[in-house]
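Input: a single structure, listed below in structure tokens.
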Amino acid sequence: MRNIARLLPLGGITLLLLAALPATAQYYDGLDWNQSQDTLASAVGVHAGEIGGAGLAFRIPLKWYLYVQTAGGVWHVEDDKRHNLGVSLNYILRQDQRVRLYLTGGLGYFYHKERLDDTWDTEENWNTGAGIGLEYLQGRRWSWKIDLAFVHESDDGDVRLSPQAGVFYYW
């Protein structure tokens, strides 16, 4: 009997949460990927990844189901200089109101020049890869995305599974 008495508060809380679900659904703002009035097509944001580049990023639709994304950055200090640029294509496999599932593939160029003692050590790397990603529309115009891609690195020939992430604002 004591065990049943302990479960009653838990059951009450569960019923309250279930009752609140329809009420919270009424506050949905209606903005989603599938709206024809505001398509949320182009975006600007930041991205970090081995094939997509790291830094400022832009997303532009080629078709409603195919996006091109570019990202890159420049970081310079006195003895360390880094540049990168990445271009990737995102092919949408499935899209609902707030979530996109897509295939991604791309090419990234990474340049690193560093002063060691009195000489400069330069390293260039071309990465190619492909994988799968998920983008979530958070709020009215903000989205975040994560990818998991197999990346081929030209400097050592390794193929690795590498995550990528980004945050974007759609206009």
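Each reported figure results from applying straightforward, stated rules to the coordinates on display, with no laboratory input. Given the structure is predicted, the values throughout are model-derived calculations rather than measurements. Every residue, glycine as well, gets a Cβ built from its backbone with ideal geometry; the counts of neighbours run over all protein chains shown.
One table, with the values for the structure above:
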{"item": "In sequence order, calculated HN-Hα J values of segment 55-64 (Karplus, 6.51, -1.76, 1.60; Hz; x Gly/Pro)", "result": "x, 5, 10, 10, 10, 9, x, 8, 9, 5"}
{"item": "Neighbour-count ranking [beta-carbon atoms within 10 angstrom, fewest first] of 60, 132, 92", "result": "60, 132, 92"}
{"item": "Gain upon complete extension [residue 116, residue 141; 0.36 nm per residue less C-alpha separation]", "result": "4.5 nm"}
{"item": "Aspartates and glutamates whose Cα lies under 12 Å from that of residue 145, excluding same-chain neighbours fewer than 8 positions away", "result": "135"}
{"item": "Karplus (6.51, -1.76, 1.60) ³J(HN,Hα), θ = phi - 60°, over segment 105-113, in Hz, Gly and Pro reported as x", "result": "x, x, 9, x, 10, 10, 10, 9, 10"}
{"item": "Neighbour net charge for residue 81 - beta-carbon separation under 13 angstrom, K R +1, D E -1", "result": "-4"}
{"item": "Straight-distance crosslink candidates among lysines, where the alpha carbon sits under 22 Å from residue 81 and sequence neighbours closer than 8 are dropped", "result": "113"}
{"item": "Extension gain, residue 154 back to residue 64 (0.36 nm per residue minus Cα-Cα distance, nm)", "result": "29.1 nm"}
{"item": "Sites residue 35 and residue 56 - FRET efficiency at Förster radius 30 Å, r taken between beta-carbons, to 0.05", "result": "0.65"}
